[in-house]
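The values are calculated or read from the model by the stated rules, or taken from the named source; none is laboratory data. Predicted model, so just to flag it, every value in this text is computed and none were measured. We place every Cβ from the backbone using ideal geometry, glycine too, and count neighbours over all the protein chains shown.
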Amino acid sequence: MTVVPARGSGRPVPPMNPHIAHTAAGGTVDASAGEAFREHLSAVYALTQDSPHVFASPIGPFAIGGRSAFLPRFVFFGPHASDQSWRLAFLAGFSGADLRSSHALLAFVERLFRESDAGHGLHLALFPLVDAGGVSLGAPDRGLAAGHWGRAHAPELELLEKDSRLQGYHGFIRIESAPAGESVATLRMRGSAAEELSPDLELISTDETGPIPIRFEACPGPAESGPLSVADDLPFAPFELTLSLPSAWPDAIYQNAAGLLLQRFLWRYRAFQAYAQNL
Amino acid sequence: MTGPFKSRSILPGFGLSLGFTLAYLGLIVLVPLSAAFLKVSGMSLHDFFAAVATPRVLAAYRISFGASLAAAAVNMVFGLIVAWVLVRYSFPGKKIIDALVDLPFALPTAVAGIALTALYSRNGWIGRWLLPLGYEVAFTRLGIFVALTFIGLPFVVRTLQPVLMELEPEMEECAASLGANRWQTIVRVILPEIAPSLLTGFALAFARALGEYGSVVFISGNMPMRTEIVPLLIITKLEQFDYRGATAIAVVMLIASFLLLLLINLLQKWSRRFQAI
């Protein structure tokens, strides 16, 4: 694992967003947190009703615990996107106990709705709550983050695996909350791309992360969990980038940092692809 | 019989059976459809058009109606050939082929969707041969068309078969003896006779395709603006608790389907004018 030292400094801490409930990482699903997520999701659903670029398109249904549930998904077709566009999947909420990442991704969907040029020419799929079944049942962490997608028994991972095969994503971006005690954001690169690319140089630059303290890591080699566990069967060799944000950060900073880093990543990624195509 | 007493019909129970018919149709067909209109009546005109005329909804209409029309049209041609072969010729295995026609009727639509997806996906038996030729079927609009063609075939074949059975081969022989060539026999003798039932088969296949959900969701990929059919969009709206939006789209589908079926019925009526017998 390659670790690049952290850069940047903290920013003034704004008051916590009362709309978004805190959940302790690794704990059980708080009913009010689940309710707050559903409210936020409904608000984003309503917001994107008339959007020409962002579309709510949940996949499923799947059965869990005698109930029927859908996996929330938003699809974004940037201006001038086509069938040949680069496709990226954003994943958050691998545990019902980590709904802050889900809120952050929903906030990013809102940002894409407002600033569609940010994803110019890109085809994005955003899954704000992977553990939809767990939240629906109020179940504790089901270990979906570490699940092998090819041998998954969780219906959500089966749906994600099917969708990945179907869409042939070029990359997966995972948002998660770092364990308690972590004070800097981490960008972790996995997959074959990690062997060839330096993540801070190619996919996001330390110059672009602004005041957010960030550490870069690269994990080359085969993956036994997540989307890269089925990478051999996918039409393209994808990369996986994990954005891990400290749990201790207040909600507003957490969301702003996620939005900023994801947007900068998209800019850099688009520029990178344009350069590659030019070559 | 004259006088104050009404004459008794040979077939008794007209009043009772008509009452039952109207009550049954009212309960099963009219009440649910009226409920959709009632739900929509609470929307302002602006809200209604905002719900049914977004780019996403319009794209779904285009895909649903376009693929359904194309599938029904293809079934009209090939269903006629299948029905003709089954009626006119005797050959080994005819009964098996005849039974195969009914398979899309009997098969659960989800099974059909899974089977078609397995066949036409990139690694499928057929898909792997089509891919080098530049044709991708599964998870594209072409896949929707294939699924709708599959489920619509029996409607055309089963509608045409009884009519073709009634059509005596002597008519063709007669036309030939009067100097008509094969093309003239088909166009001027056979087609006018079967046109109304051909249109009925087309209408049934079209209507069936328009409402199809189960098989299409497996093979279409369900991508908004690209491969999303109207029934799926309605389900998506319901999942987002947008009940009014879903109902508004359903009402538009209902009206459009009704108008199309009316048009086809008028065409049937018109085509009957050309029937010889």
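Does at least one position in the stretch B:136-150 carry a residue that is within 14 Å of another protein chain (Cβ to nearest Cβ) and over 24 Å from the mean Cα position of the chain (by Cα)? Looking through the stretch B:136-150, at least one residue is within 14 Å of another protein chain (Cβ to nearest Cβ) and over 24 Å from the mean Cα position of the chain (by Cα). Does B:Ala112 satisfy being in contact with a Phe, Trp or Tyr (Cβ under 8 Å, 6 or more places away or on another chain) and under 30 Å from B:Pro169 (Cα atoms)? No; evaluated as a whole, the condition is false for this residue.
Of all residues in the stretch A:226-256, those satisfying the criterion of being assigned to a strand (DSSP E or B) and surrounded by fewer than 22 Cβ atoms within 10 Å (Cβ to Cβ) are A:Thr242, A:Ser244, A:Pro246. Residue under question is B:Met76, and the condition is that it be surrounded by 16 or more Cβ atoms within 10 Å (Cβ to Cβ) and not in a helix (DSSP H, G or I); does it hold? No.
Of the residues examined, B:Leu263 is not one that is out of contact with any strand residue (DSSP E or B) (no Cβ under 6 Å at 6 or more places or on another chain), more than 14 Å from chain A (Cβ to nearest Cβ) and modelled with pLDDT of 90 or more.
When B:Val31 is tested against (1) of a type in the set (Val, Ile, Thr); (2) in contact with a helix residue (DSSP H, G or I) (Cβ under 9 Å, 6 or more places away or on another chain); (3) under 23 Å from B:Ala250 (Cβ atoms), only condition (2) is not met.
In the set B:Ser90, B:Ser68, only one residue is assigned to a helix (DSSP H, G or I), at pLDDT 90 or above and among the polar types (S, T, N, Q); that residue is B:Ser68.
Give the residues of the stretch B:70-113 that are under 13 Å from B:Gln161 (Cα atoms), aliphatic (A, V, I, L, M) and in contact (Cβ under 8 Å) with a residue 24 or more places away in the chain, sorted by residue number. B:Met76, B:Leu80, B:Val82, B:Ala83, B:Leu86, B:Val87, B:Val101 - these are the residues of the stretch B:70-113 that are under 13 Å from B:Gln161 (Cα atoms), aliphatic (A, V, I, L, M) and in contact (Cβ under 8 Å) with a residue 24 or more places away in the chain. In summary, helices (runs of 4 or more DSSP H) completely within the stretch B:181-277 and bearing 2 or more residues that are among the small types (Gly, Ala, Ser), crowded, with 18+ Cβ neighbours inside 10 Å and out of contact with any Cys (no Cβ under 7 Å at 6 or more places or on another chain) occur at B:191-211, B:214-220, B:243-272. Considering only residues in the stretch A:82-131 that are among the small types (Gly, Ala, Ser) and within 14 Å of chain B (Cβ to nearest Cβ), the one that is farthest from A:Arg165 (Cα to Cα) turns out to be A:Ser116. Scanning the stretch B:239-257 for residues that are touching a Leu at 6+ places or on another chain (Cβ under 7 Å) and without any contact (Cβ under 8 Å) to a residue 24 or more places away in the chain yields one hit, B:Ala246. Tally the residues that are part of a loop (DSSP other than H, G, I, E, B), touching a residue at least 40 places away in the same chain (Cβ under 8 Å) and within 29 Å of A:Phe77 (Cβ to Cβ), restricting the search to the stretch B:31-65. Residues meeting the conditions: 1. Candidates are the residues of the stretch A:79-110 that are surrounded by fewer than 24 Cβ atoms within 10 Å (Cβ to Cβ) and without any contact (Cβ under 8 Å) to a residue 60 or more places away in the chain; the one that is nearest to A:Glu39 (Cα to Cα) is A:Pro79.
Hey, among the residues in the stretch A:50-72 that are within 7 Å of another protein chain (Cβ to nearest Cβ) and either of a type in the set (Ser, Thr, Tyr) or part of a loop (DSSP other than H, G, I, E, B) (or both), which one's farthest from A:Phe113 (Cα to Cα)? Result: A:Pro58.
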